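Structure first, then comments.
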């Protein structure tokens, strides 16, 4: 008696994911989504607008339908809400620089990923010349997405004075202020990070945010606040350094103040795919660490904070919410 073989579809889906990613990057770079900015098109219409052969347009468009990034009906393709908002060149946040970074810099770097897993060490990463600009443009674009999504899922109207400590992007304070125009804040970091943050600050940012140079690992943090944000901080530091930063944050708030820790976290029990994938990205690129959520909770407890909840942020890291005790 014969039995039906086990379905290999999950294996094929994951094994072909690198092809899907490359098709996605190509569709973005070649303008497939932008070609649909004004409405539905046939493959011939996409080809004409994007300036590519129709055969290429058909392959890319069908691939995007299969990935859920385009819809198809009556011989015509249409952007989804997400691709229309972020990849078609509209007035909102343009994520194409982020995809370009992952395509041209991150994607080739993953060719050495298995060696990184053998050693838990990053691969050599070339940041010379124009590559540094492309890297920072991609990273800051993705950070802006994180800032927008955090402001959509967390209510900043409860706060009056927010500290962004040792962070990477002014977008978080900017987005929080858009949701709460009464909010004031400070961006405190080292000289190098402060310089990059100032360059990316939007017009009028200085009207509600002060910049201060201070290293929370070695010096006192200026000011007093009712809330502190650690955005993309944890993975860049060692466990002992992270505890020092959390302790420094606790010193500048009163009991009951809020701490928001935004970063990718490892937790196999929740089944979230994005965090362990980005853990691999951080390791292979520069050796930085995505920590287990339980370890982060331990740091909070050791530095005067009490964990309240861990909240998912769509397409972004999770945010750990804690209170000062």
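Things worth noting here:
- Criterion: in contact with a strand residue (DSSP E or B) (Cβ under 6 Å, 6 or more places away or on another chain), free of Cβ contacts under 8 Å to residues at least 40 places away in the same chain and not assigned by TED's automatic domain parsing to the domain that holds residue 149 - qualifying residue of 71, 78, 114: 71
- Conditions (1) within 23 Å of residue 295 (Cα to Cα); (2) touching a helix residue (DSSP H, G or I) at 6+ places or on another chain (Cβ under 7 Å); (3) not in a loop (DSSP other than H, G, I, E, B); number of the one not met by residue 175: (1)
- So residue 228, is it outside any helix (DSSP H, G or I), at pLDDT 95 or above, surrounded by 14 or more Cβ atoms within 10 Å (Cβ to Cβ) and in contact with a helix residue (DSSP H, G or I) (Cβ under 8 Å, 6 or more places away or on another chain): yes
- Being in contact (Cβ under 8 Å) with a residue 24 or more places away in the chain, assigned by TED's automatic domain parsing to the domain that holds residue 159, more than 15 Å from the chain's Cα centre (by Cα) and part of a helix (DSSP H, G or I) is a property that does not hold for residue 269.
- Restricting attention to region 291-325 and to residues that are over 20 Å from residue 217 (Cβ atoms) and assigned to a loop (DSSP other than H, G, I, E, B), the residue that is modelled with the highest pLDDT turns out to be 325.
- When residues of region 84-134 are limited to those that are surrounded by fewer than 14 Cβ atoms within 10 Å (Cβ to Cβ) and within 15 Å of residue 21 (Cα to Cα), the one farthest from the chain's Cα centre (by Cα): 111
- Of all residues in region 276-323, those that are farther than 26 Å from residue 110 by Cβ, surrounded by fewer than 20 Cβ atoms within 10 Å (Cβ to Cβ) and in contact with a strand residue (DSSP E or B) (Cβ under 8 Å, 6 or more places away or on another chain) total 11.
- Exactly one residue out of 44, 34, 40 is modelled with pLDDT of 95 or more and touching a strand residue (DSSP E or B) at 6+ places or on another chain (Cβ under 8 Å): that is 40.
- Selected residue (criterion: surrounded by the fewest Cβ atoms within 10 Å (Cβ to Cβ)) from residues of region 236-259 that are outside any loop (DSSP other than H, G, I, E, B) and touching a helix residue (DSSP H, G or I) at 6+ places or on another chain (Cβ under 8 Å): 239
- Criterion violated by residue 156 - all others in (1) over 28 Å from residue 283 (Cβ atoms); (2) under 16 Å from the mean Cα position of the chain (by Cα); (3) surrounded by 19 or more Cβ atoms within 10 Å (Cβ to Cβ) satisfied: (2)
- Hits in region 12-57 (condition: over 22 Å from residue 277 (Cα atoms) and either out of contact with any helix residue (DSSP H, G or I) (no Cβ under 9 Å at 6 or more places or on another chain) or surrounded by fewer than 17 Cβ atoms within 10 Å (Cβ to Cβ) (or both)): 29, 37, 38, 39, 40, 42, 44, 48, 51, 53, 54, 55
- Residues of region 171-194 classified as farther than 18 Å from residue 217 by Cβ and either over 20 Å from the mean Cα position of the chain (by Cα) or surrounded by fewer than 16 Cβ atoms within 10 Å (Cβ to Cβ) (or both), total: 8
The values are calculated or read from the model by the stated rules, or taken from the named source; none is laboratory data. Note that the structure is a prediction, hence the values are computed from the model and not measured. In this analysis, Cβ positions are derived from the backbone assuming ideal geometry, glycine residues included, and neighbour counts consider all displayed protein chains.
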